[in-house]
Amino acid sequence: MAPAEGAPGLHVEVVYCPRPGVTDRVALTLRAGATAGDALHASGLAQRHDLRMAGLRLGIWCRACEPGTLLRERDRVEIYRPLTVDPKEARRLRYTRHKERLART
C-alpha cells in the first residue's frame, strides 16, 4: 500500500515471532491515517504464516490495540502468538528446575 502522491508516507514496521528466537519483520510505508489492521494486511505476514485473521491479537510497541487503532510515524505493530503455557505454571516449573540444580551442587 503506497502513500497517495503528494501525501507524506507513514513509516511503520510489522513484526511476528512464529517461535522463540525467530522474528519476521516487514517495513512499510502507508498512507496517513492508516490503522494497525491496514499494516497487518499490507505486510502479508498473516498469509505467510497462515494465521487466521479472526482472533489475532495485535499491539503497538508492547501495548495491546485493536485493528482500527490509528498508526503514527515509526510505530511497530506486533502480532502476538497465543500462550502455550500458563505463565504461573511456567514460573513454577522454572523454580522447580532451579531447586533441583541447587540440590545437585
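Dividing the radius of gyration of the alpha carbons in the chain by their Kirkwood radius gives 1.17 for Rg/Rh.
Approximating the spin labels as points 7 Å out from Cα along Cα→Cβ, the R76-to-R25 distance works out to 0.7 nm.
Net charge dipole, the chain: roughly 940 debye, given to the nearest 20, about the Cα centre with Cβ charges of +1 for Lys and Arg and -1 for Asp and Glu. Using a simple spin-label model with pseudo-atoms 7 Å out from Cα toward Cβ, L51 and E100 lie 3.3 nm apart.
Mean residue ellipticity, 222 nm, helices only, the chain: the sum of -39500 (n - 2.57) across DSSP H runs of n ≥ 4, divided by residue count and rounded to 500, is -8500 deg cm²/dmol.
Values quoted throughout were computed directly from the atomic coordinates according to the rules given, and no laboratory measurement underlies them. Note that the structure is predicted; figures quoted are calculated from it, not measured. Ideal geometry is used to build each Cβ from the backbone, glycine not excepted, and the neighbour counts take in all protein chains shown.
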